[in-house]
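Please read the structure below before turning to the comments.
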Amino acid sequence: MKFALFTGCVSQGATRELMVSTKKAAEGLGIDFVEMKSAACCGAGVVGEKSSILADTLNARSFAIAEKQGLDLVTICSTCQGVLKKSECNIKSDPEYKKKINHILSEGGHQYDGTSRIKHFANILATDEGIARLKERIKRPLTGLKVAAFYGCYVLRPSGLSDFENPDNPTGLEEIFEVLGATPVYYPSRTKCCGFPIVMMNKTASLEMAGNALVDAIESGADCVVTGCPLCHLNLDSYQPEIDQLMKKKYSVPVLHLPQLVALALGYSPKELDMDKHIVSTLQVKRKLHPVS
């Protein structure tokens, strides 16, 4: 399995532990990720609000880079996934628009044909081959760990662009948790918005959205929350101390990146996965880990 890795911006900055754990998870699974170092930011939906053609051209350039490598593109961010899929849809659905995009790209020596598929890391893991590799290579089953998935909006909506079988009630992450030996926790907020898109405009509302999701996960019995989106991670982990103050309670639930959970089951240590870099302590997850077999 070999893919062009679209890292996104956040894994290279505010959540560097995501990049570290992604590399470890890929190493443990024998997946070859070729980092797309010259790819541009996806625009996170913000660029597209100002200029859709600018956003789509930037993303078509990234698609063209993957195509030149002859590889499908994999993301590790739900927001990147949703934005890239939207650009792909915009371009593929209108031949004249695609021609216009390619005219702009030609100035930089790029050409978008539409041959590379765009997949989130979670959807790669959920394939038959991905599941088989997980089962073969698990060295530390996560038995006894109750894990609550938090999907992130962009990987589920619009539902027509989602790779999850039932975007309104997905089970893809939970199925991965089960393969890893963990117990999935189903709770209503797992498919809701974390509030990050409005954190700069209405921070109180944003933190309330994140806080309600955390409370829901905790009250449903979760030991930790796991997300495939670093922006969700920022709102659920980094802002958790402020959420505690706002809601006048201290919940303190660890929030892990999906590659961290996968790599733990593959035998990597919490230290190797930079789990000490989180704002909220991951100690209660570490306490439930079994020895590597």
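The values are calculated or read from the model by the stated rules, or taken from the named source; none is laboratory data. Keep in mind that what you see is a predicted model, and the values were worked out from it rather than measured. All Cβ positions, glycine included, derive from the backbone under ideal geometry; neighbour counts span all protein chains shown. The accessibility values were calculated without ligands, DNA or RNA, using every heavy atom of the protein model including side chains. Shrake-Rupley method; radii C 1.70, N 1.55, O 1.52, S 1.80 Å.
Within the stretch 24-52, can you find the residues that are closer than 20 Å to Ile138 by Cα and in a helix (DSSP H, G or I)? Lay out the reasoning, then the answer.
Kept after step one, since they are closer than 20 Å to Ile138 by Cα, are these residues of the stretch 24-52: 24-33.
Hits for the stretch 24-52 are Lys24, Ala25, Ala26, Glu27, Gly28, Leu29.
With the requirement that a residue be buried (at least 20 other Cβ atoms within 10 Å of the Cβ) and either closer than 13 Å to Ile118 by Cα or at pLDDT below 95 (or both), what does the stretch 48-66 give you?
Gly48, Asn59, Ala60, Ser62, Phe63, Ala64, Ile65, Ala66
Of all residues in the stretch 111-132, how many are open to solvent by 30 Å² or more (accessible area, probe 1.4 Å) and either part of a loop (DSSP other than H, G, I, E, B) or farther than 15 Å from Leu261 by Cα (or both)?
Total satisfying the criteria: 10.
Just to be sure, is Ala26 open to solvent by 30 Å² or more (accessible area, probe 1.4 Å) and within 18 Å of the chain's Cα centre (by Cα)? Full working, then the answer.
Working: open to solvent by 30 Å² or more (accessible area, probe 1.4 Å): no; within 18 Å of the chain's Cα centre (by Cα): yes.
The answer is no for Ala26.
Would you check if there is a residue in the stretch 224-235 being in a helix (DSSP H, G or I), modelled with pLDDT under 95 and open to solvent by 10 Å² or more (accessible area, probe 1.4 Å)? Outline the logic, then answer.
Residues of the stretch 224-235 that are in a helix (DSSP H, G or I), as a first pass: 230-235.
Filter again for modelled with pLDDT under 95, leaving none.
Looking through the stretch 224-235, none of the residues is in a helix (DSSP H, G or I), modelled with pLDDT under 95 and open to solvent by 10 Å² or more (accessible area, probe 1.4 Å).
Taking the condition of a type in the set (S, T, N, Q), part of a loop (DSSP other than H, G, I, E, B) and either out of contact with any Lys or Arg (no Cβ under 7 Å at 6 or more places or on another chain) or under 16 Å from Glu174 (Cβ atoms) (or both), does Ser206 pass? So that I can check it myself, show each step before the final result.
Working: of a type in the set (S, T, N, Q): yes; part of a loop (DSSP other than H, G, I, E, B): no; either out of contact with any Lys or Arg (no Cβ under 7 Å at 6 or more places or on another chain) or under 16 Å from Glu174 (Cβ atoms) (or both): yes.
For Ser206, the condition - of a type in the set (S, T, N, Q), part of a loop (DSSP other than H, G, I, E, B) and either out of contact with any Lys or Arg (no Cβ under 7 Å at 6 or more places or on another chain) or under 16 Å from Glu174 (Cβ atoms) (or both) - is not met.
Take the stretch 53-110 and flag every residue that is among the charged types (D, E, K, R), within 19 Å of the chain's Cα centre (by Cα) and in a helix (DSSP H, G or I). It would help to see each step written out before you state the result.
Our first condition is that a residue be among the charged types (D, E, K, R); within the stretch 53-110, this holds for 56, 61, 67-68, 72, 85-86, 88, 92, 94, 96, 98-100, 107.
Next cut, within 19 Å of the chain's Cα centre (by Cα) only: 72, 85-86, 88.
Correct list: Lys85, Lys86, Glu88.
Condition test on Val155, is it of a type outside the set (Ser, Thr, Tyr), in contact with a strand residue (DSSP E or B) (Cβ under 8 Å, 6 or more places away or on another chain) and open to solvent by less than 70 Å² (accessible area, probe 1.4 Å)? Steps first, please.
Details: of a type outside the set (Ser, Thr, Tyr): yes; in contact with a strand residue (DSSP E or B) (Cβ under 8 Å, 6 or more places away or on another chain): yes; open to solvent by less than 70 Å² (accessible area, probe 1.4 Å): yes.
It is true that Val155 is of a type outside the set (Ser, Thr, Tyr), in contact with a strand residue (DSSP E or B) (Cβ under 8 Å, 6 or more places away or on another chain) and open to solvent by less than 70 Å² (accessible area, probe 1.4 Å).
Go through the stretch 1-23 and give me each residue that's out of contact with any strand residue (DSSP E or B) (no Cβ under 7 Å at 6 or more places or on another chain), open to solvent by 40 Å² or more (accessible area, probe 1.4 Å), of a type outside the set (A, V, I, L, M) and outside any helix (DSSP H, G or I).
Cys9 - this is the single residue of the stretch 1-23 that is out of contact with any strand residue (DSSP E or B) (no Cβ under 7 Å at 6 or more places or on another chain), open to solvent by 40 Å² or more (accessible area, probe 1.4 Å), of a type outside the set (A, V, I, L, M) and outside any helix (DSSP H, G or I).
Would a scan of the stretch 84-93 turn up a residue that is closer than 18 Å to Leu231 by Cβ and touching a Cys at 6+ places or on another chain (Cβ under 9 Å)?
Restricting attention to the stretch 84-93, the residues satisfying the condition of being closer than 18 Å to Leu231 by Cβ are 84-87.
Keeping just the survivors that are touching a Cys at 6+ places or on another chain (Cβ under 9 Å) gives 84, 87.
Yes, that holds for at least one residue.
Does Ile104 count as open to solvent by less than 10 Å² (accessible area, probe 1.4 Å) and aliphatic (A, V, I, L, M)? Let's see the steps before the verdict.
Values: open to solvent by less than 10 Å² (accessible area, probe 1.4 Å): no; aliphatic (A, V, I, L, M): yes.
The answer is no for Ile104.
What pairs come up if the first residue lies in the stretch 274-293 and is among the small types (Gly, Ala, Ser), the second is in a loop (DSSP other than H, G, I, E, B), and their beta carbons are under 8 Å apart, counting only those six or more places apart or on different chains?
So the pair list comes out as Ser281/Ser252; Ser281/Pro254; Ser293/Lys139; Ser293/Arg140.
Determine which member of the set Leu258, Leu246, Leu236 is in contact (Cβ under 8 Å) with a residue 24 or more places away in the chain and more than 17 Å from Ala149 (Cα to Cα).
Details: Leu258 fails: more than 17 Å from Ala149 (Cα to Cα); Leu236 fails: more than 17 Å from Ala149 (Cα to Cα).
Within the list Leu258, Leu246, Leu236, the selection yields Leu246.
Here is a check on your reading of the model: is Gly221 out of contact with any Asp or Glu (no Cβ under 6 Å at 6 or more places or on another chain) and on the phi > 0 side of the Ramachandran plot?
Values: out of contact with any Asp or Glu (no Cβ under 6 Å at 6 or more places or on another chain): yes; on the phi > 0 side of the Ramachandran plot: yes.
Spelling it out, Gly221 is indeed out of contact with any Asp or Glu (no Cβ under 6 Å at 6 or more places or on another chain) and on the phi > 0 side of the Ramachandran plot.
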